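Visitor: Sharing a structure with you now.
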Amino acid sequence: MNNIISIWPTNFIFEQQAPETTPEFLTTIQSIGEEYEAMHPEAHVPVAMRKSNVETTYNLLNDERPAAQLFKRMLKERMTTLATIEGFYNPDKVIFEASTALRVFKPGEYAKPHNHRSVDYVAVLWLSLDITDPTNNNTHQELAGNRLHMIDPISNRSRLLNHRMCWPVSPIPGTFLIHPASVYHTSEMNIGNVDTVALVTNIKVSETVRNYVTL
Ligand SMILES: [Fe+2]
């Protein structure tokens, strides 16, 4: 058949365990992240709910230590690959800007469905967690724990196919995912005994031509 066209694909970069993620790297980058978390206790509190009105966010990519800089290079390399797949004009020349923070899900916590509509791409690197997800758990009902579900952005396609509306990620330490920011996602509850810790990076395509005027 040569009359089939496949349009509007959704491109992710997914590595069950990224090759750079040695146990030493994961431990080091997590401890750097925990330092920043301790110094910025309101980093994840919505602006209107903050007790202080000073800038409270941080960006791990500003840290000069080798683990943070290695992670910055990982992001750059993968984003150049993704830009190529996405069909960017001159993908090698696209400038990305990114902000990385540590996110912690304590036992019993989960991420409600959301997307990151103020940015262009999102990268998630899992650092440590209790692996509770049994293999071959493909039921609709059974909780796997810590699984991230990426939700089909075109939710009414293939209604008569038994397609998967959710694409599940069963993370282990070192699992690395980059997805378009517009894709909704949700995580299953952390049913382990320890925190699930990940680096979440918001990535923007830097606009080199801007002719907007402030109103
Ligand atoms: Fe998210």
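The values are calculated or read from the model by the stated rules, or taken from the named source; none is laboratory data. Every value quoted in this text rests on a predicted model; they were computed, and no experiment measured them. Ideal geometry is used to build each Cβ from the backbone, glycine not excepted, and the neighbour counts take in all protein chains shown.
Visitor: Do you know which of the residues in region 116-139 that are within 17 Å of Thr175 (Cβ to Cβ) and either touching a Phe, Trp or Tyr at 6+ places or on another chain (Cβ under 6 Å) or of a type in the set (A, V, I, L, M, F, W, C) (or both) is surrounded by the fewest Cβ atoms within 10 Å (Cβ to Cβ)?
Guide: Ile131
This table checks each residue for (1) more than 24 Å from Ile32 (Cβ to Cβ); (2) out of contact with any Ser or Thr (no Cβ under 8 Å at 6 or more places or on another chain); (3) modelled with pLDDT under 95; (4) within 14 Å of the ligand (Cβ to nearest atom).
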site: Thr100; (1), (2), (3), (4): no, no, no, yes
site: Val104; (1), (2), (3), (4): no, no, no, yes
site: His114; (1), (2), (3), (4): yes, no, no, yes
site: Pro134; (1), (2), (3), (4): yes, yes, yes, no
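Visitor: Being in contact with a strand residue (DSSP E or B) (Cβ under 9 Å, 6 or more places away or on another chain), charged (D, E, K, R) and within 30 Å of Asn193 (Cβ to Cβ) narrows it down to one residue among Glu97, Glu86, Glu109; which is it? Working first, answer last.
Guide: Details: Glu97 fails: within 30 Å of Asn193 (Cβ to Cβ); Glu86 fails: within 30 Å of Asn193 (Cβ to Cβ).
Only one candidate passes the filter, namely Glu109.
Visitor: Show me the strands (runs of 3 or more DSSP E) found entirely inside region 103-208 where at least 1 residues are without any contact (Cβ under 8 Å) to a residue 40 or more places away in the chain. Show your work before the answer.
Guide: Numbers: elements: 121-128, 148-151, 166-169, 176-180, 185-187, 196-205.
By residue number, 148-151, 166-169.
Visitor: Give the residues of region 182-215 that are small (Gly, Ala, Ser) and away from the ligand (no atom under 11 Å from the Cβ), sorted by residue number. It would help to see each step written out before you state the result.
Guide: Looking only at region 182-215, we keep the residues that are small (Gly, Ala, Ser), and these are 182, 187, 192, 198, 206.
Answer for region 182-215, where residues must be small (Gly, Ala, Ser) and away from the ligand (no atom under 11 Å from the Cβ): Ser182, Gly192, Ser206.
Visitor: Could you tell me whether region 80-98 includes any residue that is of a type outside the set (D, E, K, R), within 16 Å of the ligand (Cβ to nearest atom) and either under 27 Å from Glu24 (Cα atoms) or part of a helix (DSSP H, G or I) (or both)? Step through it out loud before you land on a result.
Guide: The initial filter retains those residues of region 80-98 that are of a type outside the set (D, E, K, R), namely 80-85, 87-91, 94-96, 98.
If we keep only those that are within 16 Å of the ligand (Cβ to nearest atom) as well, we get 98.
Okay, now just the ones that are also either under 27 Å from Glu24 (Cα atoms) or part of a helix (DSSP H, G or I) (or both), so 98.
The answer is yes; a qualifying residue exists.
Visitor: Also, quick follow-up: Checking Lys51 against (1) over 28 Å from Pro168 (Cβ atoms); (2) touching a Ser or Thr at 6+ places or on another chain (Cβ under 6 Å); (3) not β-branched (Val, Ile, Thr), only one condition comes out false. Which one?
Guide: (2)
Visitor: Give just the number: which of (1) surrounded by fewer than 16 Cβ atoms within 10 Å (Cβ to Cβ); (2) of a type outside the set (Asp, Glu); (3) at pLDDT below 95 does Thr56 not satisfy?
Guide: Every listed condition holds for Thr56 apart from (1).
Visitor: Something else now. Is it fair to say Val104 is farther than 21 Å from Glu15 by Cα and among the β-branched types (Val, Ile, Thr)?
Guide: Numbers: farther than 21 Å from Glu15 by Cα: no; among the β-branched types (Val, Ile, Thr): yes.
In short, no.
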